[in-house]
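S.K.: Can you read through this structure? Questions will come right after.
The values are calculated or read from the model by the stated rules, or taken from the named source; none is laboratory data. This one's a predicted model, so the numbers in the text were calculated from it and none came from an experiment. Here the Cβ positions follow ideal geometry from the backbone for every residue, glycine too, while neighbour counts run over all protein chains shown. Heavy atoms of the whole protein, side chains included, go into the accessibility calculation; ligands, DNA and RNA do not. Shrake-Rupley method; radii C 1.70, N 1.55, O 1.52, S 1.80 Å.
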Amino acid sequence: MKEKVMVAMSGGVDSTTCAMLMLEQGYDVTGVTLHLFDGQEKALEDAEACAKQLGIKWYAADCRKFFGEDVISYFIRTYKLGKTPNPCCHCNHGAKFNYLYREMKAEGCTALISGHYARIAERGGRKLVAKGLDKNKDQSYYLCLMEPYQLDVVRFPLGEMTKSRTRELAKNYGLAVADKKDSQEVCFLMGGDYRDYLRAKLKDKDIKKGNFILDGKPLKQHDGIVFYTVGQRKGLGIGYHEPLYVSSIDPKTGDVHLGVKEESAKRGVKLKDCVFAGADSYIRRAKARLRYRMTEAPCTLEILPEDKAVLLFDEPQFSPAPGQVAAVYDDEVLLGGGFIESVF
């Protein structure tokens with residue numbers, strides 16, 4: 001009897017190529033698309049069409065209520081607190097892979113196939129996430145909070161490939177989505193600006209307003225703390241003899257504090273809600289990313305009780321943003337990560 005696997009299908013080239021690879025390797029393949037938010041209808045149609053072309057079973061799982069509570073509410077709430085959310089890391093950890101795991105079990109499948117550009121490595125009998133072979137496409141950062149039970153069943157067929165190779169395979173298979181453009185990072189924004197999304201979701205009374213503060217002095221009133229993030233330079237509307245950056249946001253007063261770039265560098269971050277599936281000691285050397293488009297920086301990791309941790313960097317890092325995610329690596333392998341609670 002063929003092994004049954006479930007492929008998370010988005011209607012794009014990556015997930016469809018994954019499904020084709022699984023078929024080619026002799027698996028019994030079921031495709032599922034998570035219906036996460038209204039306005040996703042085109043993606044659902046594309047995924048169904050891809051499944052029909054492959055001749056596999058497919059269905060859409062309606063997760064809109066859960067996604068709204070688990071991810072969209074988190075996204076809005078974090079901005080209201082003056083912090084910078086990371087919806088993709090949060091979703092992979094606490095929403096999407098949980099929904100997919102549930103569907104996989106319900107369909108009697110033994111593995112979950114994902115089109116992420118990442119790999120699975122084994123250390124000490126444990127499965128961990130490792131970087132994808134294509135360094136320009138590597139998505140391991142977004143998977144740094146995955147739990148051990150999720151890693152036990154997930155597979156990343158594209159982890160050993162470049163994106164160009166994936167498209168080449170899709171063309172060779174004759175897949176209709178071979179030339180389809182990649183999707184945007186934050187799916188429910190559908191390519192729009194997050195500020196416009198927040199304006200549509202929030203009432204004016206829910207947007208905390210205050211002043212821009214420079215060297216302890218107010219400059220002018222701003223539009224609301226939800227529209228600014230730590231490290232932001234553009235869109236401040238303030239003339240100054242050198243570039244200014246958002247250095248911190250006070251959700252109580254509504255003030256947005258500004259500073260020059262040198263003042264925004266920090267040596268350390270405190271993390272909360274951490275997952276360290278691969279850490280074999282409480283204090284160790286590592287490297288960490290504080291945002292997706294960042295080269296890992298050398299640091300010392302200290303894992304603390306209550307799912308907390310501290311990262312002390314060898315060199316100051318530019319504008320770590322509370323609410324963002326730190327991914328911690330040992331060479332190519334993820335030790336884990338956590339949400340930035342505060343900086344120092």
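S.K.: Taking all protein chains as present, what is the carbon and sulfur share of the accessible area of the stretch 1-106, in % to the nearest whole number, probe 1.4 Å?
M.R.: Details: 2340 of 4420 Å².
The C+S portion of the solvent-accessible surface of the stretch 1-106 is 53 percent.
S.K.: Before anything else, pin down the relative contact order of the stretch 110-186: Cα pairs under 8 Å, at least 6 apart, normalised by residue count, whole percent. Walk me through the numbers before you get to the answer.
M.R.: Details: 109 pairs, mean separation 25.1, N = 77.
Relative contact order for the stretch 110-186 comes out at 33 percent.
S.K.: Using alpha carbon centroids, what distance separates the stretch 1-49 and the stretch 194-211, in Å?
M.R.: 36
S.K.: Here's a follow-up. Under the rule a/c < 1.5 gives rounded, and otherwise a/b versus b/c splits prolate from oblate, where does the chain land using the Cα gyration tensor?
M.R.: Working: a/c = 2.13, a/b = 1.54, b/c = 1.39.
Note, shape of the chain comes out prolate.
S.K.: Using alpha carbon centroids, what distance separates the stretch 287-306 and the stretch 154-169, in Å?
M.R.: If you average the Cα positions of each part, the centres end up 27 Å apart.
S.K.: Let me ask another. Under a 10 Å cutoff between Cα atoms, tell me which one of L311, L244, L219 has the largest fluctuation in the Gaussian network model of the chain.
M.R.: In this elastic network of the chain, the residue with the biggest mean-square fluctuation among L311, L244, L219 is L219.
S.K.: Same structure again: Using the heavy atoms of the protein chains alone and a 1.4 angstrom probe, what is the accessible area of the chain per residue in square angstrom?
M.R.: Working: 16240 Å² over 344 residues.
Each residue of the chain exposes 47 Å² on average to a 1.4 Å probe.
S.K.: A follow-up question, please. At 7 Å along Cα-to-Cβ for each site, give me the label-to-label distance between E262 and M1 in nm.
M.R.: That separation, rounded to one decimal, is 7.0 nm.
S.K.: Enter the accessible area of I283 (Å², nearest 10), with the probe set to 1.4 Å and all protein chains included.
M.R.: Estimated to the nearest 10 Å², I283 gives 110 Å².
S.K.: Another question, if that's okay. Using only protein heavy atoms and a 1.4 Å probe, report how much of E41 is accessible, in Å² to the nearest 10.
M.R.: Using a 1.4 Å probe on the heavy atoms, I get roughly 90 Å².
S.K.: Grab the DSSP H runs of the chain that are 4 residues or longer, score each as -39,500 (n - 2.57), total them, divide by all residues and round the 222 nm result to the nearest 500 deg cm²/dmol.
M.R.: On the way: 9 runs with 76 residues, N = 344.
Value at 222 nm, helices only, nearest 500: -6000 deg cm²/dmol.
S.K.: Also, quick follow-up: Which value, in debye to the nearest 20, gives the size of the charge dipole of the chain about its Cα centre, when Lys and Arg are +1 and Asp and Glu are -1 at the Cβ?
M.R.: Details: 51 positive and 47 negative charges, 109 e Å.
Dipole of the chain, to the nearest 20 debye: 520 debye.
S.K.: How far is it, in nm, from the label point at N211 to the one at F66 when both lie 7 Å from their Cα along the line to the Cβ?
M.R.: 4.8
S.K.: Still on this structure: For the pairs K266/K308; K220/K261; K208/K287; K96/K208; K83/K261; K42/K208, flag any whose C-alpha to C-alpha distance is greater than 25 Å. Don't skip to the end; give the middle numbers.
M.R.: Values: K266/K308 19 Å; K220/K261 20 Å; K208/K287 36 Å; K96/K208 31 Å; K83/K261 19 Å; K42/K208 35 Å.
The pairs that break the limit, which is 25 Å between Cα atoms, are K208/K287; K96/K208; K42/K208.
S.K.: Mind checking which aspartates and glutamates have their C-alpha under 14 Å from K209, skipping anything on the same chain fewer than 8 residues away?
M.R.: Within the straight-line cut-off, K209 pairs with D223, D250, D255.
S.K.: Here's something else I'd like to know. By the gyration tensor of its Cα atoms, with a ≥ b ≥ c the square roots of the eigenvalues, what is the shape of the stretch 1-137: rounded for a/c under 1.5, prolate for a/b over b/c, or oblate? The partial results should precede the final answer.
M.R.: Working: a/c = 1.82, a/b = 1.29, b/c = 1.41.
In terms of gyration-tensor shape, oblate.
S.K.: Another one. Y173 accessible area, nearest 10 Å², 1.4 Å probe?
M.R.: 60
S.K.: A follow-up question, please. Run the accessible area of the stretch 206-259 with a 1.4 Å probe and give the carbon-and-sulfur part as a rounded percent.
M.R.: Working: 1250 of 2790 Å².
Ligands and nucleic acids excluded, carbon and sulfur give 45 percent.
S.K.: So what's the angle, to the nearest 10 degrees on a 0 to 90 scale, between helix 97-106 and the longest Cα principal axis of the chain?
M.R.: Computed tilt is about 20 degrees.
S.K.: Oh, and also: Sequence neighbours fewer than 8 away in the same chain don't count; with that in mind, list the aspartates and glutamates whose C-alpha is under 18 Å from K180.
M.R.: Partners found: D14, E41, E45, D46, E48, E168.
S.K.: If you keep only loop residues by DSSP, which chymotrypsin sites (Phe, Trp or Tyr not before Pro) in the stretch 229-276 have at most 13 other Cβ atoms within 10 Å of their Cβ? Let's see the in-between values first.
M.R.: Working: sites: Y240, Y245, F276; in loops: Y240, F276.
Here the chymotrypsin sites (Phe, Trp or Tyr not before Pro) that fit, given the DSSP loop and packing criteria, are Y240.
S.K.: What is the helix-to-structure angle for 41-54, meaning the angle in degrees between its Cα long axis and the longest Cα principal axis of the chain, kept from 0 to 90 and rounded to the nearest 10?
M.R.: 30
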